[in-house]
1. Tell me, B:TRP42, B:TRP523 in order of fewest to most beta-carbon neighbours within 10 Å?
2. Out of B:ALA609, B:ALA593, B:LEU395, whose Cα points farthest toward the positive end of the dipole of chain B (charges: +1 Lys, Arg; -1 Asp, Glu; placed on Cβ)?
3. Calculate how steeply helix B:670-686 sits against the longest principal axis of the alpha-carbon atoms of chain B, using the helix alpha-carbon long axis, and give the answer as 0 to 90 degrees to the nearest 10.
4. Can you put B:TYR641, B:TYR3 in order, fewest other beta carbons within 10 Å first?
5. May I ask for log10 I(q)/I(0) of chain A at q = 0.14 Å⁻¹, from a Debye sum over the Cα atoms as equal point scatterers with solvent left out?
6. Just in region B:16-100: which trypsin sites (Lys or Arg not before Pro) are loop by DSSP and have at most 14 other Cβ atoms within 10 Å?
7. Semi-axes of region B:336-407's equivalent ellipsoid from the Cα gyration tensor, sqrt of 5 times each eigenvalue, largest first, rounded to whole Å?
8. Tell me which of B:LEU655, B:VAL625, B:VAL114 sits at the most positive position along the dipole axis of chain B, charges placed on C-beta atoms (Lys, Arg +1; Asp, Glu -1).
Amino acid sequence: MVKEIKKIEDSAGSEIPTAKNREELEELRIKFLGREKGALTLILRSLKTLPDADKKRVGEEANKLRGVIEGLFAARTEELKRTETESILKKEWLDVTRPGKKGPHGHLHPVTLVRREVEKIFASMGFGVVEGPEVETEWYNFDALNIPVDHPARDMVDTFFLKNPKGKNQSPKLLLRTHTSPVQIRYMQKHNSPLRIIVPGRVYRYEATDASHDIQFQQVEGLMVDKNVSVANFKGVVLEFFKKLFGMNVEIRLRPSFFPFTEPSFEIDISCIACNKKGCSICKKTGWLEVMGAGMVHPKVFEAAGYAPGNQQGFAFGFGLDRVTMMKYKIPDIRLFHSGDIRFLKQF
Amino acid sequence: MKYSYNWLRELAGFKEGPEKLAEVLTMKSFEVEFVEKSGNDWKLNVAILPNRVPDSSGHFGLSREISAMLGLKFNAEKFGAKQYPSGGIRQMLDVEIENPEDSARYMAIVLDGVKVKDSPAWMKERLELCGIQSINNLVDAANYVMLETGQPLHVFDWSNLRGKKKGIKGIRVRHAKKGEKLKGLDEKDYVLSPNILVIADGEGPVAVAGIKGGKGSGVSKDTKTIVLEAANFSQSVVRRGSRELNLKTDASLRFEHGLDPNLADFAIRRLADLIIKLAGGASKGLLDVYPKKDIPRSILFTVERSNAVLGETLTAHEYKKIFESLGFKAEEKSKTEFLVEIPTIRRDISIEEDLIEEAGRIYGYEKIKPVLPSTSHIPDAEEPELYWEARTRDLLKSSGYIESFVYEFTGSTELSLFEESSNGLLELENPVSPETKYLLGRPVLKYILQTAENIRNNIEIARLFGVAKSIRAGGKGNEEPANERKTVSIVLGQKGGKNGEEFYEVKGAVDALLESLGIAEHWYDEKLDRAEAKEAAKLYHPYRRAEIKIDDECIGCIGEVHPATRARIKTKARIVAAELDMKLLAKHAESDAHYSHISKFPAIIRDIAVIVPESVKTEDVLNVVEGSAGGNLFDTDLFDYFQDEKMEEGEEKSLAFHLIFQSSEKTLTDGEADASIAKIVKALEAKSWTVRK
């Protein structure tokens, strides 16, 4: 009997740990522990035929063996479970190099993105955002800005004029604004000094189009008026603006210029953002890029807006938002902005 | 304008090379656009500012400016000219100015015995460098002195002028008579109008004043006796004439900017000197009609005010030095005040600010240190419409739409593609092309065209949006010169979609937009009860479009582009568009979100599907469901819209809803949900619809 038990122990010890799957393991369970014909069951059943002295000893041996076999089963079951899960997971392998699935992805226009940045920078310096009409009267676009009829400056901007709507005896001649500056007048007519505003908006020019000129583009006007606003303040504010927009290394310079609505007037150049003043094709080897016209608000402009003379001084500036956007994103052709071409628009 | 480097150096006596000179000019006066080697000389192309043309369009003027910039002494006396007595000119020439408003001054010198020949090489070279073709010594001398002084000059052949009295030629500065003609020196025939100022002799025009000389009175190789003209003409008259004749000349360009009448005197004597030197001859006398002499003005200049504007502290002495370098006289009124006398050549200086500019640029803007404003400023609250516009852009972007810009111009061809009328559109007086002759009244049309173009570029699904202006006639005076309204356009196009899925996608974007703007109670109206609604709806498929309303106010519309329009714009894509008025969106938008209680009791979700005739609207079914369910129905959701062949034949469709039952007070039992469902089923069946349980 003891020999029998030893034999069972040997075969269980070799067969159970090598069972290939749960079915085979179940078969082995029946073979060794089955209630009907299990090898161990048979041993226990035959105990009663043994002498009492052997009965106890063999019984103990057999029960010990049961414990061993059950342990083997539990270990193998656990092992099989683990490998089965593993093989299921393995089957669920995904190709991580396949492109990810994208939902429809929207974009804002590059000029909108830069406009928002501009608004944010000026807001941090206390400037509010104001808009104005795009169809203007001659008075707001020219006369109020100290550009009387026959003034040579009316030549500097080529203007789209509008026909009088039919059947209407219209007194002020209408035009498409050539700059955002009329909003200076409109705003000052309704608000007193001190004030700080920027005016982003569309303007129109009658001219031949090419990669850097279009008949329609966006400008940003700036106006700051207070008791003692100076050229030094202007330099402080625009330097801060360009540094925040293009990076801390940017430098500015002021060159004398002429605008009827500012005195003194200047043109603002920034150090070339592509070559940092070394001279390249973008800055035409000069190291500088012309970006902005500006000056101290002309007394005639304050007068046109209804301000009392001598009570205030201020600066005004204007720059092309399209042009700044082109610089920032290295866009070669201004006409792309109105192309509606998704292949262009989705790059931003 | 073009300048000779050697000529300038000769006058101002500086040592700087051409590149260095260009740099200094650019930073202190005028931008030098380029410097170009030309023989032994250099050509400087200088962008003279429009207000400085009167004093700087000649080499004299620019060298005066250069001297001030470089701190050199400019000695105008060195470049003198002889005096010419009036002599016997009155026996040869009579000059009359009809209206001194048109011509402030007219000077003439008659030279007799001149010999016409070629100009010397040095003169030809300088003229050529400045872009002027050499003709002969007389004409060249006039051009040369113009390049020197900035004063346009003209030479007549005295014998070709027709007199009124025997032996005396009469010159009259007057407006042309209707129908008068003149053959110009350029051989072109000009028809003149009363707007145009002319120089006339006893019979008719011999020159267009300040613009062009006439062929008939010009010099030829046989010319012996000449009349030199140095006149001053009104800038507006010359400007108008130049525009009307479409003729710009070196002379008109200068006169258009308003010249100093005192310049004529120096220039004509300089010219006479030069011609006598080059062509011989002698003066018969000088004549000067100058009814109202232009005298220098003085401006009070305050040191503190200037320092306050510049934001930099300059001393009285520094200012005085700057003004004197420019040739201004600065008389000290007190320690901090000057009376500055401005030479008449400087037409650009009339107020104290102009003097501050002179001081600022000569001192150097680069020396002014940047100073951020020391006071803070709180701007007014943002315009609500701008706030909502930004929100709209963000939301449409997050719905997968791409922002695009459109031109605000349209034309007849484009309008006819959409069968849109041009009524109420504003028309340009001077369009760049016929296709941009109107302002855009309906931006969505441009977005539809852009969408079609993207489909042609093989974009599978094109989703575009933009906020553009609808601009129409009907403004409100100065306050609002035209009727401008911002319009949100949302457009989707794709090829081969089914069951109007494009429509529902755009509708989804509209719903999501309005929801995020806090507008919950909008609805879609198929009826067209207003004339303008009918007009706008023509763009769309008649059975796939609606007006978008809040209560009874129309805030926009949505629709699939009409198949006939699609054919005209040649697109295979199905395109759905929505138009929303930004101002109305802003009016109804609600910024404050409010918390609503989240029930802690679980919800029970039941599904129900109902087969209804095809023409029954989802909204009608929902009304029945919601009307019969009782208070525990918390929400409904259409999750399936289905039609098989059999249903299609029977003109029916199946709608399946999730019904969510929830109470804020207790956990609902299945029994309660079942009871509600039973009521709903009963109500639906009462409509003779089939409920699929």
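1. Numbers: B:TRP42 21, B:TRP523 11.
Taking fewest neighbouring Cβ atoms as first place, the list is B:TRP523, B:TRP42.
2. B:LEU395
3. 80 degrees
4. Values: B:TYR641 12, B:TYR3 26.
With the sparsest Cβ surroundings first, the list reads B:TYR641, B:TYR3.
5. Taking Cα atoms of chain A as identical point scatterers yields -1.13.
6. Values: sites: B:LYS20, B:LYS28, B:LYS37, B:LYS43, B:ARG52, B:ARG64, B:LYS73, B:LYS78, B:LYS82, B:ARG90; in loops: B:LYS73, B:LYS82.
Taking region B:16-100 and a limit of 14 other Cβ atoms within 10 Å, the loop trypsin sites (Lys or Arg not before Pro) found are B:LYS73, B:LYS82.
7. On the way: eigenvalues 487, 72, 39 Å².
Computed over region B:336-407, the values are 49, 19, 14 Å.
8. Of the candidates, B:VAL114 comes out farthest on the positive side.
Every number in this text was worked out from the coordinates using simple rules, so none of it is lab data. All values derive from a computational prediction rather than experimental measurement. Positions of Cβ are generated from backbone atoms using ideal geometry, with glycine treated the same way; all protein chains shown enter the neighbour counts.
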